[in-house]
Amino acid sequence: MGEGLKPASDAPHIDKGLDDIYVKETSICFVDGVRGRLLYRGYDIRDLAQYSTFEETVYLLIHGELPTKEELEKAMRGLAEEREISPDVVKLLRCMPADAPPIDVLRTTVSYLSNLDSERDDPTRAANMRKAQRLIGKFPTIVAAHHRIREGKRILQPDPELGHAEDFLRMLTGKQPDPLSARVMDVALILHADHSMNASAFAGIVAASTLADLYSGIVAAIATLKGPLHGGANEAALRTMLAIGKPERAEQYVLDTLRAHGKIFGFGHRVYRTYDPRALILREYSRQLSELKGQQDLFRVSEIMQETTVRELKAKQVYPNVDFYSGLVYHLLGLPTDLFTPTFAVSRVAGWAAHINEYWQDNRLVRPLDYYVGPTEAVYVPLEQRG
Ligand SMILES: CC(C)(COP(=O)(O)OP(=O)(O)OC[C@H]1O[C@@H](n2cnc3c(N)ncnc32)[C@H](O)[C@@H]1OP(=O)(O)O)[C@@H](O)C(=O)NCCC(=O)NCCS
C-alpha cells in the first residue's frame, strides 16, 4: 500500500462479480432460480421446447411477441436467406490458421462482417433489427464452413428449404440429419437462446452502451462467452463422462472427487437452487439420442453421476445445470468438443441482439467505479537516473 491512501474506514463496498446488482429492467427473460423456471417474454421454456422452433423463438426474443403464421413464414424466409455468406467471408475463413479455435474464428469473422454491412453505422431500431437477423442467420454457416475447411472438406451452401437447426447440422456433418437429431438441435438452440444478464450479454451491453454498432456488441459478447466459467463448462462435463467411460465407475468417481473437494462439472448454478429446467429437457433428449446412436453406456454414466451428485450435495442445493447435458447431446449429435461453445453462440446471438436493442431504447453509458488503492504521491524519476 502506498502513501496517501484513504483510510480503510472510507473504503466503499466493492461488488466484484456484480452478484446482486441490477443493471437494467428487462422484459426479455426471467430466471426463477428457486422454482426452477425460465421464461422468454413470459413464455415457459418447457412450452417453447415442446411446441416452438428456434426461428419462432428468435422472433419472440427480438420482436417481443409470438409471430402470426404469416410473420413467422416471412421471418423464416428472411433468416434462411441470411444464412448465405459471401465469397469474401469464405476467403477469410480459409486464411485462418489450421489450429485456430473455432470460437476465435467466429469472433474474428463477425468482426469482419461488419465491414460488409452497408447499414453498419445506421443506428435506427429498424436497421438494428435487420442487422440482428443478418447476424443470427450467418452464425451457423460461419461455424459449419470453418469446420469443413479445417477438415479439408467441401463447404456446403445453406439450404433455405431447411430449418435453421437442421441446416446447421447438415452443413457441419455433410449429411441430412435424422428427424430426432434435427429436433434435438432445434431444442438445444431454443434452450440456449437467452439467459438474462449473463456475462456475455452484459459485455455486449457495455460495448453497445458507448453507441458502438451492433457488430461490436456481439463481438464483445462472443469474446466473453469463450471462457470456461461461461460457455466452456459443457466441454468439461463431457470430458469427465468420457474419462469415466463405464457406468460402474461413475459413482466412485463422484464420491472420490467430492471427497477431494473437487467440482463435478455441469452441476451447481449461481441462480438455480434446484433443477435447471433446461437440464431436465436435455436429459430426456440425451436418453433418446443415446438409444438412437447406440451409446447407452455414456447416458448411464451421466445418470449415475447425476443421482450420486444430487444425493451427496442435496444440502448445498447443487443440481445439474444445462451444461451437464448439452455437452452430452452435442457429442451424441457428432459435434467435436471445440464446436460446443460456437454452437452455444449460434443460439445465444439471438439473446445478445435482443438485450442490446432493448438497452438502446433507454441507453446509458456503462461506467462503474473502481476504488483506487495505489500510491498518490509518486515522484517521477527520469529514466537515466533510475537504477
Ligand atoms: C456454477 C458455480 C460456479 C456456482 O457457484 P456458486 O453459486 O458460487 O456456488 P458455490 O461455488 O459457492 O457452491 C456452494 C457449495 O456447493 C459446492 N458446489 C457447488 N457446485 C459444485 C459442483 N459442481 N461440484 C461440487 N461441489 C459443488 C461448493 O463447493 C460449495 O461448497 P462449500 O459451501 O462447502 O464451500 C459452481 O456450482 C461450479 O463451479 N460448478 C461447476 C462448473 C459448472 O458447471 N459451471 C456451469 C454453470 S452454468
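The values are calculated or read from the model by the stated rules, or taken from the named source; none is laboratory data. Quick caveat, the model's predicted, so the values are computed rather than measured. Reconstructed Cβ throughout: ideal geometry from the backbone, glycine too, with neighbour counts over all protein chains shown. Surface accessibility is based on the protein's heavy atoms, side chains included, excluding ligands, DNA and RNA. Shrake-Rupley method; radii C 1.70, N 1.55, O 1.52, S 1.80 Å.
Can you confirm whether the range 222-237 contains a residue that is in a loop (DSSP other than H, G, I, E, B), open to solvent by less than 10 Å² (accessible area, probe 1.4 Å) and hydrophobic (A, V, I, L, M, F, W, C)? No, the conditions are met nowhere in the range 222-237. None of Pro368, Pro375 is in contact with a Gly (Cβ under 9 Å, 6 or more places away or on another chain) and not in a helix (DSSP H, G or I) except Pro375. Reported count of residues in the range 135-188, each being over 29 Å from Cys95 (Cβ atoms) and in contact with a Lys or Arg (Cβ under 7 Å, 6 or more places away or on another chain), is 2. Screening Ser52 on (1) open to solvent by 30 Å² or more (accessible area, probe 1.4 Å); (2) farther than 27 Å from Trp360 by Cα; (3) under 20 Å from the mean Cα position of the chain (by Cα) shows it passes everything except condition (1). On the stretch given as the range 256-273, residues that are open to solvent by less than 40 Å² (accessible area, probe 1.4 Å) and more than 10 Å from the ligand (Cβ to nearest atom) total 0.
When Gly294 is tested against the conditions (1) open to solvent by 50 Å² or more (accessible area, probe 1.4 Å); (2) closer than 29 Å to Gln50 by Cβ; (3) within 11 Å of the ligand (Cβ to nearest atom), the lone failure is (3).
Of all the numbered requirements in (1) in a helix (DSSP H, G or I); (2) under 19 Å from the mean Cα position of the chain (by Cα); (3) not β-branched (Val, Ile, Thr), Tyr112 misses one, and that requirement is (2).
Run down Glu82, Glu71 and say which single residue is surrounded by fewer than 15 Cβ atoms within 10 Å (Cβ to Cβ), touching a helix residue (DSSP H, G or I) at 6+ places or on another chain (Cβ under 8 Å) and of a type outside the set (A, V, I, L, M, F, W, C). I'd like the intermediate steps shown before the answer.
Values: Glu82 fails: surrounded by fewer than 15 Cβ atoms within 10 Å (Cβ to Cβ).
None of the others qualify; the one that does is Glu71.
Taking every residue in the range 308-328 that is farther than 16 Å from Leu229 by Cβ and in a helix (DSSP H, G or I) and pairing it with any residue that is among the basic types (Lys, Arg) and within 10 Å of the ligand (Cβ to nearest atom), at least 6 positions away or on another chain, the pairs with Cβ-Cβ distances below 9 Å are Tyr325/Arg278.
A single entry from Ser286, Ser326 fulfils the requirement of being within 14 Å of the ligand (Cβ to nearest atom), of a type in the set (Gly, Ala, Ser) and not assigned by TED's automatic domain parsing to the domain that holds Gly204: Ser326. Could you tell me which residue of the range 307-326 is modelled with the highest pLDDT, considering only residues that are crowded, with 22+ Cβ neighbours inside 10 Å and of a type in the set (S, T, N, Q)? My answer is Thr309.
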